[in-house]
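The values are calculated or read from the model by the stated rules, or taken from the named source; none is laboratory data. Bear in mind that the values here come from a model prediction, so they are computed numbers and not experimental data. Glycine also receives a Cβ, built like all others from the backbone with ideal geometry; neighbour counts cover every protein chain displayed. Keep in mind that these areas ignore ligands, DNA and RNA; they rest on the heavy atoms of the full protein, side chains included. Shrake-Rupley method; radii C 1.70, N 1.55, O 1.52, S 1.80 Å.
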Amino acid sequence: MEELDITSVGQFQTLVRYNNPVLVVKHPDKKGGAPLTEIEMKRPQTAGALLDSKKETEEILNSILPPRCWEEDGQLWQQSVSSTPATRQDVINLQEMLDTRLQQTQARETGICPVRRELYSQCFDEIIRQVTINCSERGLLLLRIRDEIAMSMEAYETLYCSSVAFGMRKALQAHEEKEMLRDRVKTLELDKEALEEIIADMKLKQEQAERRNAELRASEEKKFTEEITFLKKTNAQLKAQLEGITAPKK
């Protein structure tokens, strides 16, 4: 079976090397009403041991990278990963194709970039495919590593989304509290101005009261002095009269 280039897989774009798509099911005509036909796939006829080894490798590859299926023009197509071993040139081509795709898609060189992550994920899957063909145990170990990295990335994404949501909530809460504090400041400033007016009015009333009290005190003191003077004068007159009455006659 001929293989496609790693950049053209059916209707998809990927760095993983796939076999040519195979017609899996052909829908029956309305008149016939016949059941679905069997999978139309031609396999090379080889010796028993080699065939079993290749079949086992294909099964492991299909478990690591499951075949893709899609429907087109009423027909179901299936495409599985290639089981052909990779050469040194294939690895070089893979690296060049990765760099080309990164440039074509304008992926970010740093920071979070879903496009760059997807391309490197495809590249890693292709490396797992190449390693699995030569050593299935090594490929399965790489599969565990890939899944662990994927789980870690999902955990980091969840944590990042939670942090962003928490930050947004805190920012909105801080903004609301800031607006509330601004309104509170305006209210307190108005209260302060009102209290200052009351204080100024009370100071004015205090000054007026002190002035009235001073005038009243001066008036009372003057009246009291005049009364004392009058009483002293009256007392002197009465004393003189008393002395005249009590003085002995000659």
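Data for the structure
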| item | result |
| --- | --- |
| Subset of segment 77-94 [within 42 Å of the chain's Cα centre (by Cα) and open to solvent by 50 Å² or more (accessible area, probe 1.4 Å)] | TRP77, VAL91, ILE92, ASN93 |
| Where THR132 falls short, out of the listed (1) in contact (Cβ under 8 Å) with a residue 12 or more places away in the chain; (2) open to solvent by 70 Å² or more (accessible area, probe 1.4 Å); (3) not charged (D, E, K, R) | (2) |
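Quick grid of which residues meet (1) surrounded by 18 or more Cβ atoms within 10 Å (Cβ to Cβ); (2) under 32 Å from the mean Cα position of the chain (by Cα):
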residue	(1), (2)
PRO67	no, no
GLU72	no, no
ARG101	yes, yes
GLU148	no, yes
GLY167	no, yes
